[in-house]
Amino acid sequence: MHDLTRCVQHPAVSHDGFKSLAVPTYRASTIVYDDPQDFARRAARGLDGYTYGLHGTPTTRTLEAQITALHGGERTVLVPSGQAAVAITMLAVLKPGDTVLIPDHVYPPVRHLCTNYLASRGIAHRVYDPLIGAGIADLIDAGTKLIWLESPGSGTMEVQDVPAIARAAKARGVLTGCDNTWASPLLFKPLSHGVDFAVEALTKYVGGHSDLLLGSITVKELSLRQALKDVLGVLGIGVSPDEAALALRGIETMGVRMAHSGRVAREFAERLQAAPAVARVLHPALPSCPGHEIFTRDFNAASTVFS
Ligand SMILES: *Cc1c(COP(=O)(O)O)cnc(C)c1O
């Protein structure tokens with residue numbers, strides 16, 4: 001073999017006896033196929049097969065499987081940010097003529113997505129009171145295809161009655177998606193309360209060190225996983241295995257980090273509540289927060305962000 005050929009051929013080495021607790025970072029664009037028939041049949045590899053680096057590597061699939069297990073779902077897809085997770089879910093569900101219902105306290109860039117992008121493409125949105133609960137049924141009409149939830153909400157912290165909204169949606173054949181970034185699957189699992197899409201900004205508690213951007217969408221239905229795959233494929237969206245590797249490292253300490261920061265945040269919230277300069281503290285674990293009784297009913301513990 002010529003030296004120049006040796007430069008582009010990595011020798012195969014034995015993996016026997018090598019069992020690391022760390023997940024390897026597999027980088028790839030092209031995937032090597034055994035023969036031309038194997039390549040021609042690549043579409044038959046299905047949702048979990050490997051076809052091209054953009055569509056998944058063992059590194060990204062490991063993180064997806066870990067988040068799926070935490071959420072009690074069937075499949076997870078990783079996307080480049082939390083905002084992308086919301087946007088891709090909406091693009092997978094909504095077509096021109098459809099309407100999405102969004103809560104008034106929604107993460108602000110999601111409202112911008114609805115007003116500045118979806119509206120001009122014929123997809124309408126209506127804003128609802130986050131504390132509406134089962135009353136959401138009155139807002140559902142023939143065009144309603146998706147109800148978005150975020151609990152607690154960004155800034156004003158209302159805790160939503162997720163099971164009641166999911167029940168009302170299901171009764172009318174409407175899908176639901178919940179931004180679960182505040183809680184993470186350790187404190188609340190939207191899928192076990194009837195939600196169809198559990199969305200997380202892994203950028204926050206999973207990452208944990210302000211050094212990565214990543215989002216996830218977890219579903220129970222394989223048909224919804226297929227709908228997400230179709231959107232990701234045509235838009236050419238995938239994630240870097242290096243980002244996934246950082247998240248795989250971060251998630252190992254998420255439990256202790258959240259327990260500690262949750263305790264510190266609550267003590268701080270209580271101190272602020274007693275401070276004369278502070279009019280009102282909005283922390284889901286405190287009775288002064290709208291939806292506090294729902295928080296007590298549905299969540300395992302409090303996370304860190306409050307206002
Ligand atoms: C940060 C955040 C997002 C967006 O996550 P990025 O990864 O920064 O895009 C979405 N929803 C909530 C509730 C967030 O706090």
Inset, instruction - Name the residue, out of K229, K220, that is open to solvent by 30 Å² or more (accessible area, probe 1.4 Å) and in contact with an Asp or Glu (Cβ under 7 Å, 6 or more places away or on another chain). - result: K220
Inset, instruction - Return only the number of the condition from (1) free of Cβ contacts under 8 Å to residues at least 24 places away in the same chain; (2) under 16 Å from the mean Cα position of the chain (by Cα) that E221 does not satisfy. - result: (1)
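Does any residue of segment 266-281 turn out to be open to solvent by less than 40 Å² (accessible area, probe 1.4 Å) and assigned to a helix (DSSP H, G or I)?
Taking every residue of segment 266-281 in turn, at least one turns out to be open to solvent by less than 40 Å² (accessible area, probe 1.4 Å) and assigned to a helix (DSSP H, G or I).
Here is a yes/no grid of residues against (1) modelled with pLDDT of 95 or more; (2) under 24 Å from A28 (Cβ atoms); (3) in contact with a helix residue (DSSP H, G or I) (Cβ under 7 Å, 6 or more places away or on another chain):
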position	(1), (2), (3)
A201	yes, no, yes
G207	yes, yes, yes
K220	yes, no, yes
Q226	yes, yes, no
P241	yes, yes, yes
R249	yes, yes, no
Inset, instruction - Go through (1) more than 24 Å from K220 (Cα to Cα); (2) of a type in the set (S, T, N, Q); (3) crowded, with 20+ Cβ neighbours inside 10 Å one by one and return the number of the condition T59 breaks. - result: (1)
Inset, instruction - Just one of (1) within 15 Å of the ligand (Cβ to nearest atom); (2) assigned to a helix (DSSP H, G or I); (3) over 20 Å from the mean Cα position of the chain (by Cα) trips up T296, so point out which. - result: (1)
Legend entry - Residue count for segment 62-93, restricted to those that are open to solvent by 10 Å² or more (accessible area, probe 1.4 Å), in contact with a strand residue (DSSP E or B) (Cβ under 8 Å, 6 or more places away or on another chain) and away from the ligand (no atom under 15 Å from the Cβ): 7
Inset, instruction - Name every residue in segment 1-52 that is touching a residue at least 12 places away in the same chain (Cβ under 8 Å), touching a Ser or Thr at 6+ places or on another chain (Cβ under 8 Å) and within 22 Å of A227 (Cβ to Cβ), in order of residue number. - result: Y50, Y52
Legend entry - Residues satisfying the stated conditions in segment 239-249, i.e. buried (at least 20 other Cβ atoms within 10 Å of the Cβ) and not aliphatic (A, V, I, L, M): P241, E243
Inset, instruction - Determine which single condition L212 fails, assuming it passes every other condition in (1) away from the ligand (no atom under 16 Å from the Cβ); (2) not in a helix (DSSP H, G or I). - result: (1)
Inset, instruction - Inspect all residues belonging to segment 18-27 and state whether any of them is within 30 Å of G236 (Cα to Cα), of a type in the set (G, A, S) and not in a loop (DSSP other than H, G, I, E, B). - result: no
Inset, instruction - Go through segment 170-189 and count every residue that is within 13 Å of the ligand (Cβ to nearest atom) and in contact with a strand residue (DSSP E or B) (Cβ under 6 Å, 6 or more places away or on another chain). - result: 5
Inset, instruction - Determine, yes or no, whether K204 is within 16 Å of the ligand (Cβ to nearest atom), basic (K, R) and open to solvent by 50 Å² or more (accessible area, probe 1.4 Å). - result: yes
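Per-residue answers, yes or no, for (1) without any contact (Cβ under 8 Å) to a residue 40 or more places away in the chain; (2) under 21 Å from L70 (Cα atoms); (3) of a type in the set (S, T, Y); (4) open to solvent by 10 Å² or more (accessible area, probe 1.4 Å):
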{"position": "I102", "(1), (2), (3), (4)": "no, no, no, no"}
{"position": "Y117", "(1), (2), (3), (4)": "yes, no, yes, yes"}
{"position": "E158", "(1), (2), (3), (4)": "no, no, no, yes"}
{"position": "V162", "(1), (2), (3), (4)": "no, yes, no, no"}
{"position": "W182", "(1), (2), (3), (4)": "no, yes, no, yes"}
{"position": "L186", "(1), (2), (3), (4)": "no, yes, no, yes"}
Inset, instruction - Just one of (1) more than 16 Å from the ligand (Cβ to nearest atom); (2) touching a helix residue (DSSP H, G or I) at 6+ places or on another chain (Cβ under 7 Å) trips up G143, so point out which. - result: (2)
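The values are calculated or read from the model by the stated rules, or taken from the named source; none is laboratory data. Not measured: the values here are computed from a predicted model. Counting neighbours? That spans all protein chains shown, and the Cβs are built from the backbone with ideal geometry, glycine included. Areas reflect the complete protein model, heavy atoms only, side chains present, ligands, DNA and RNA absent. Shrake-Rupley method; radii C 1.70, N 1.55, O 1.52, S 1.80 Å.
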